[in-house]
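Notes for the one structure printed next.
The values are calculated or read from the model by the stated rules, or taken from the named source; none is laboratory data. Being a predicted model, the structure only gives us computed values, none of them experimental. Only protein heavy atoms, including side chains, enter the accessible area calculation; ligands, DNA and RNA are left aside. Shrake-Rupley method; radii C 1.70, N 1.55, O 1.52, S 1.80 Å.
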Amino acid sequence: MPHVFTPPTGYSWCDIWLRQDMHGNYYFLMEPIRAAAFANGIAEEALDRQTATAIAAGWYRHHLRQGGQRVALADRWLFDLEGRTKI
């Protein structure tokens, strides 16, 4: 994951459609994640679950740095994610 996140053209962070199921698992749409991977020089072959999650986390952090509105679900997701990993 590049140090400076470059958002993909034509998408905003909200387009990833982050959701949580009743078991506590988080999900997001892959099309915006694929576009973000391409915008950040990540080959589609390298786009596994961990890389997609890192892209989504970087995108949300970028969204907040740019003055975007906080999203409670995304805040919980990022807090949980950062508690388990070093993304």
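So what is the orientation-averaged projected area of the chain, using the convex hull of its C-alpha atoms, in nm²?
Working: hull surface 22.3 nm².
About 5.6 nm², averaged over all directions.
Once the 1.4 Å probe is applied to the protein heavy atoms, the chain comes out at 66 Å² accessible per residue.
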